[in-house]
1. For the chain, what does the helix formula give at 222 nm: sum of -39500 (n - 2.57) over DSSP H segments with n ≥ 4, over the residue count, nearest 500 deg cm²/dmol?
2. Obtain the nm distance between the two label points defined at Q444 and L387 by a simple spin-label model: each point lies 7 Å from its Cα along the Cα-to-C-beta direction.
3. Between the range 352-413 and the range 440-467, what is the C-alpha centre distance in whole Å?
4. Working out 0.36 nm times the residue gap between S422 and K21, then minus their Cα-Cα distance, what length gain in nm do you get to one decimal?
5. Using only Cα atoms, figure out Rg for the chain and give it as a multiple of 2.2 N^0.38 Å.
6. Of F69, V358, T499, which is farthest along the charge dipole of the chain in the positive direction, counting Lys and Arg as +1 and Asp and Glu as -1 at C-beta?
7. Counting only heavy atoms of protein chains, what accessible area per residue, in Å², does the chain have with a probe of 1.4 Å?
8. Using +1 at the Cβ of each Lys and Arg and -1 at the Cβ of each Asp and Glu in the chain, identify which of G248, N217, V458 lies farthest towards the dipole's positive end.
Amino acid sequence: MAKIAKQTKSIEEILWDSANKLRGTVESSEYKHVVLGLIFLKFASDKFEERRAELKKEGKEKYLEMKEFYNMKNIFFLPEESRWSTVIKNSKQNDIALIIDTALHTVEKNNPALKGALPDNYFSRLNMDVSKLSALLDTINNIDTLKDKQQDIVGRVYEYFLSKFALAEGKGKGEFYTPKSIVNLIAEMIEPYKGVIYDPACGSGGMFVQSIKFIENHHGDKKEISIYGQEYTATTYKLAKMNLAIRGIAANLGDVPADTFGRDQHPDLKADYIMANPPFNQKDWRASNELVDDPRWRGYEVPPTSNANYAWILNMASKLSENGVAGFILANGALSGGGEEYKIRRKLIENDLVEAIVILPQNMFYTTNISVTLWILNKNKRERTLLVNDGVKNYRNRKHEILFMDLRERGIPFEKKFTQFSAGNIIEITQAYHNWQSDLSSYQNVAEFCYSASKEDVVAKDYSLVPSKYIEFVNRDENIDFDEKMKRLQEEFKTLLQTEKQSKKELLGVFKELGYEIEL
């Protein structure tokens, strides 16, 4: 008898099932902070215990309680009350929520790099069912976060959970998360090898995580990157700090969560790379008399109060360094909006900042199904050679050229109703873009995929950036033999009508036999 293969659940799935048991006692929008806070504590403790064992092995017992001996290895020092062993020892106690809050507070107090990162008095306020919280602690306790260092288990769990929480929270929520395949695409297109990276609406920090992965995949040095970001929502700001801290990524997210327009925390920043997914079509982002003289729109019209799309664009354009590149997502409306938006767009094109406009497939975001576009701005479209970690990049002169791409036919199904890019999709897209940037002999316009437009083309379309106005459309009906198609339809309808006639005759016969003849 054939053995039935037993499907084993991944760590992520086991944790997700366990976390889901909190539903009912904690709002779904809340419990991500519960789960991610605990995973952070477990990981920090595992690292701490590993270092502690190392010190003992080296005969340095007298240094076991000195934080410097942990910090020097980028490990957070954990006093007794903030260690996982303390939490798990008391996991069945009625005051376990308070014990966890104390642990998180103590970790943060003893490690300045975590200032403002961890949930504050969070578990006590939620008034959770002790048995459910205890079960979750037991599940997390069984995870050895250091078991396979090549696998980055904690990073994987974080990524999985952020994605699942965004899916669970659904439309109108989950704004902290940009789907991973979109972030991958942006990173592979703008190639953040080294320098300053900035995200003005950084959410949970996904753009930064992917930038670091890009650097690792291309044999770069993480120390050659400086990260700056800003986030408005307090809970998401903490999420970003935890997400980065757990991966050992140093970042300046500003002193406090704050509105990028009203309280810019990096006013003098010049970034080499900007990656962002700001809120779509944000209304009333400023009062009519506010921010009218803001230096970020200098040289342009003041963005309208009715929609922040162009305020985000100008915020990013103003922060680009001399060779800076920005890749960001906006709703499609920004491609052809009128009024002040038209004037700003025209000036961006005249100033030769727009390098590529890429329409994405629908249903990529978990929170909305509106159509969105990836914009790429580039401050330096001149010919140049750049030494990078894994080779040399040669750029041709692309002055007053814009590459339009249409990806609506790309992507693969994800979680039944969503779309994501496969690895193959990302290679195809980035290859076309980089070939266009470097050598036109290796690039060609492809119907329904890409088109290299001159400034004259764009002016002729009255500065519209809608890709379908430039990319060739394939009329699949034009090669059809009309006569042949009509003859086939003629035969089909003949058969259909004959069948109907026969059915009608049979029906009338039945009624007549029953004594209820139908006269027509």
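1. Mean residue ellipticity, 222 nm, calculated: -13000 deg cm²/dmol.
2. Going by the 7 Å Cα→Cβ label model, 3.7 nm.
3. 13
4. Working: separation 401, 0.36 × 401 = 144.36 nm, distance 3.22 nm.
Between S422 and K21, full extension yields an extra 141.1 nm.
5. Working: Rg = 29.0 Å, N = 520, 2.2 N^0.38 = 23.7 Å.
So the chain has a normalised radius of gyration of 1.22.
6. Value: F69.
7. Working: 26570 Å² over 520 residues.
With the other protein chains kept in place, the chain gives 51 Å² per residue.
8. The residue sitting most towards the positive pole is G248.
The values are calculated or read from the model by the stated rules, or taken from the named source; none is laboratory data. Note that this is a predicted model, so its numbers are computed, not measured. Ideal geometry is used to build each Cβ from the backbone, glycine not excepted, and the neighbour counts take in all protein chains shown. Accessible surface is based on the protein model in full, side chains and every heavy atom, while ligands, DNA and RNA are left aside. Shrake-Rupley method; radii C 1.70, N 1.55, O 1.52, S 1.80 Å.
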